[in-house]
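Student: One structure follows; several queries about it will come next.
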Amino acid sequence: MSKQRVTLPAPENVAEFWRNRGCESVRIELREYEGRVVVDVRIYFPDGRGVLRPSKKGVCVAVNKLPQLSQGIIKAVARARALGLIDGDEATDA
């Protein structure tokens, strides 16, 4: 029996936070790219009218790699805390 391919009718904005005071944001989306569902972590910047537009800066990986990406980020947070780069009790906006 073959596995049915899941499609997304539109991009799903999972999370977004401000990168800096220059009004750039980091957006995490689930979307389709070339017929495959991907997770896209991308910098958005304001255009001349103030509308946020995607930049070329970011990373896009197949959604089946999301657990590995998540584990890598969890390890990076733990290491940054161990090195004193971030507080252990910093709040998240999620």
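Student: Can you work out which of the residues in region 56-70 that are in a helix (DSSP H, G or I) and among the hydrophobic types (A, V, I, L, M, F, W, C) is surrounded by the most Cβ atoms within 10 Å (Cβ to Cβ)? Please lay out each step first, then the result.
Tutor: So in region 56-70, the residues in a helix (DSSP H, G or I) come out as 63-70.
Going one step further and asking which of them are among the hydrophobic types (A, V, I, L, M, F, W, C), we end up with 63, 66, 69.
On the way: 63: 17, 66: 14, 69: 15.
By that ranking, first place goes to 63.
Student: Out of the residues in region 36-52 meeting the condition of being over 23 Å from residue 70 (Cα atoms) and aliphatic (A, V, I, L, M), tell me which one is surrounded by the most Cβ atoms within 10 Å (Cβ to Cβ). Spell out the reasoning first.
Tutor: Kept after step one, since they are over 23 Å from residue 70 (Cα atoms), are these residues of region 36-52: 45-52.
In the following step, the residues that additionally are aliphatic (A, V, I, L, M) were identified as 51-52.
Numbers: 51: 9, 52: 15.
Applying the filter and picking the extreme gives 52.
Student: Could you tell me which of the residues 86, 73 is part of a loop (DSSP other than H, G, I, E, B) and not basic (Lys, Arg)? Steps first, please.
Tutor: Numbers: 73 fails: part of a loop (DSSP other than H, G, I, E, B).
After applying the criteria, what remains is 86.
Student: Select from region 15-35 the residues that are loosely packed, with under 13 Cβ neighbours inside 10 Å and assigned to a strand (DSSP E or B) and list them in ascending order. Spell out how you get there, then give the answer.
Tutor: Restricting attention to region 15-35, the residues satisfying the condition of being loosely packed, with under 13 Cβ neighbours inside 10 Å are 15, 17-18, 20-23, 33-35.
Within region 15-35, 15, 17, 18, 33 qualify.
Student: If the requirement is being more than 18 Å from residue 12 (Cβ to Cβ) and either at pLDDT 95 or above or over 14 Å from the mean Cα position of the chain (by Cα) (or both), which of these qualifies: 42, 49?
Tutor: Residue meeting the stated conditions: 49.
Student: Another question about this same structure. Looking at (1) surrounded by 14 or more Cβ atoms within 10 Å (Cβ to Cβ); (2) assigned to a helix (DSSP H, G or I), find the lone condition where residue 78 falls short.
Tutor: (1)
Student: Hey, another quick one. Within region 36-54, which residues are assigned to a strand (DSSP E or B), in contact with a Lys or Arg (Cβ under 8 Å, 6 or more places away or on another chain) and among the charged types (D, E, K, R)?
Tutor: 40, 42
Student: While we're on this one: List pairs: first residue in region 50-74 and closer than 27 Å to residue 86 by Cβ, second residue loosely packed, with under 13 Cβ neighbours inside 10 Å anywhere in the structure, Cβ distance under 9 angstrom, at least six positions apart or on different chains.
Tutor: Between residues of region 50-74 that are closer than 27 Å to residue 86 by Cβ and residues that are loosely packed, with under 13 Cβ neighbours inside 10 Å, the close pairs are 52/23; 60/33; 61/68; 69/59.
The values are calculated or read from the model by the stated rules, or taken from the named source; none is laboratory data. Because the structure is a prediction, the values reported are computed rather than measured. Every residue, glycine among them, receives a Cβ derived from its backbone with ideal geometry; neighbour counts consider all protein chains shown.
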